Structure formats: structure tokens, C-alpha cells
Amino acid sequence: MLEVIGVGMGRTGTYSLKVALERLGHGPCHHMASLGGDLDRIHGWEAAARGEQVSWEELLRGYRATVDWPACYFWEELTAAYRDARVILTVRDPCRWYASVHETIYRSSHRQRGWAGMAMRLEDLACQGLRHRRRMCERVIWEGTFGERFGDRDYAIEVFVWHTAHVMAQVPDDRLLVYEVCQGWEPLCEFLGAPVPEEPFPRLNDTASFRRMTARRRRHVLTLRGTGSDDRTAVR
């Protein structure tokens with residue numbers, strides 16, 4: 001049963017929020033990174049993206065919270081299905097948000113030429129889950145959220161700003177926290193009625209960290225292909 005629904009788009013501090021929610025007892029928390037090669041769950045998100053009726057209880061079984069894509073794309077359905085869940089809208093400066101998305105998940109998804117494009121294709125061969133997850137991301141993020149126009153900076157920022165305003169207009173104030181992760185523990189804990197932890201608030205998965213992770217994963221895939229390994233579970 002979901003207790004917290006994160007409705008902010010990716011690259012608004014969603015991974016830091018995931019870790020923070022788990023620290024506060026609202027875990028496991030679903031995030032794009034949670035999918036790995038879980039084909040059953042990826043297929044479920046693909047079906048939802050095609051407009052098919054899905055069981056949210058089944059799709060999110062085992063999770064107590066959600067953040068990031070793909071779940072935030074379905075925020076209206078989820079907030080209606082889990083009416084007692086608290087809702088957190090992570091936000092950040094729209095221009096900085098666009099730059100972050102463009103230099104991380106968009107660049108990673110759209111490098112089709114040269115070494116980077118070859119690495120993407122090798123990743124897909126090495127892990128069936130990655131291939132399906134990439135296709136699901138295309139449907140949910142680049143097609144569903146941005147209408148295949150994310151490359152148009154002004155349009156993408158307009159979509160981001162509209163999303164923020166739409167959530168704030170639709171979700172009652174007493175159920176919603178509009179939150180920047182730079183605010184740290186205090187507003188989050190007050191909203192959830194939790195004591196403030198003594199350790200620093202997690203600040204994870206910035207642009208530099210994302211690039212390092214992507215580079216490591218692609219090097220690993222090239223190594224697997226070079227050795228002839230057929231380990232389809234190694235790349236997550």
C-alpha cells in the first residue's frame with residue numbers, strides 16, 4: 001500500500017528523496033533505478049503507457065512509496081487510487097532542471113552514433129531488461145510527457161512548469177508538499193510527521209555521478225562482449 005507518492009519529474013532530486021523516504025520508514029520506494037531488469041514490472045509500466053488498464057496494487061506490490069518516472073507520469077491515477085497517500089512535488093529551477101535532464105537521461109537515451117551508440121546497442125544485447133526499459137522510457141518520458149519535443153528547450157520547460165502548476169491546482173494543500181531537496185530534512189519530516197534524523201540529508205545522483213555510472217556500465221558491457229560472456233543479469 002502506497003503511503004507517499006512523489007509526483008515531481010525526474011532530475012528534481014528524486015533519487016535523494018527516495019533514499020530519504022526509505023530512511024524515514026517509507027520504503028521500499030519505487031524509482032526508475034529500482035526496475036533493473038525486472039521484466040514483469042517493466043511490461044506492466046509499458047502496458048500502462050499504452051493506455052491499458054493495469055492493477056496498480058499488483059504493479060507496485062511491495063512498495064510503500066514512489067518517486068521519479070515512470071510513476072510520476074501516472075500521478076493522477078495513483079493519487080486517485082491511493083487517497084490516503086501523502087503527495088510530494090519535487091521542484092527546482094526550470095532552466096537548471098532542463099540542463100540536468102538534457103545532459104543525463106536525454107543524452108544517454110539519444111546517443112545513436114559512434115562509440116556511445118554502439119555501447120547502447122551492446123547494452124541492449126547484454127540485457128533484455130535494458131532494452132525493454134529503454135522502450136518504456138521512450139513511451140513514458142520522451143513521447144508521453146514531451147510529445148517527442150524535448151529537444152525544443154522552451155517547449156520542454158513549458159511542460160515542466162505546467163506540470164508543477166497542474167499538480168498544485170489539483171492536489172489539496174493539506175495533502176501536498178511542494179519541496180526542493182536543498183531544503184533538507186525539516187519540511188519533509190514535518191510533512192510526514194517523522195523525527196528529523198541526525199545524519200545529513202542524502203544528496204545523490206547529480207549530473208557528474210550519473211555520467212560516471214553510465215560510463216562504468218558501458219565499460220562493463222564492452223568487457224562482457226569482448227570476453228563472450230552471456231551473463232544477461234550482470235548489467236542493471
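Residue selection: Met1 fails the criterion of being outside any helix (DSSP H, G or I), surrounded by 18 or more Cβ atoms within 10 Å (Cβ to Cβ) and touching a residue at least 24 places away in the same chain (Cβ under 8 Å). In the condition set (1) surrounded by fewer than 23 Cβ atoms within 10 Å (Cβ to Cβ); (2) part of a helix (DSSP H, G or I); (3) in contact with a helix residue (DSSP H, G or I) (Cβ under 9 Å, 6 or more places away or on another chain), Gly36 is compliant with all but (2). Residue pairs whose Cβ atoms lie under 9 Å apart, separated by 6 or more positions or on different chains, with the first residue in segment 180-208 and under 20 Å from Ser100 (Cα atoms) and surrounded by 15 or more Cβ atoms within 10 Å (Cβ to Cβ) and the second of a type in the set (A, V, I, L, M) and modelled with pLDDT under 95, are Asn205/Ala33; Asn205/Met213. Residues of segment 39-81 that are in contact (Cβ under 8 Å) with a residue 12 or more places away in the chain, at negative phi and part of a loop (DSSP other than H, G, I, E, B): Arg50, Leu60, Tyr63, Arg64, Val67, Trp69, Pro70.
The values are calculated or read from the model by the stated rules, or taken from the named source; none is laboratory data. The structure presented is a predicted model; accordingly, all values stated were derived computationally and were not measured. No Cβ is skipped: glycine too gets one built from the backbone with ideal geometry, and neighbour counts run over all protein chains shown.
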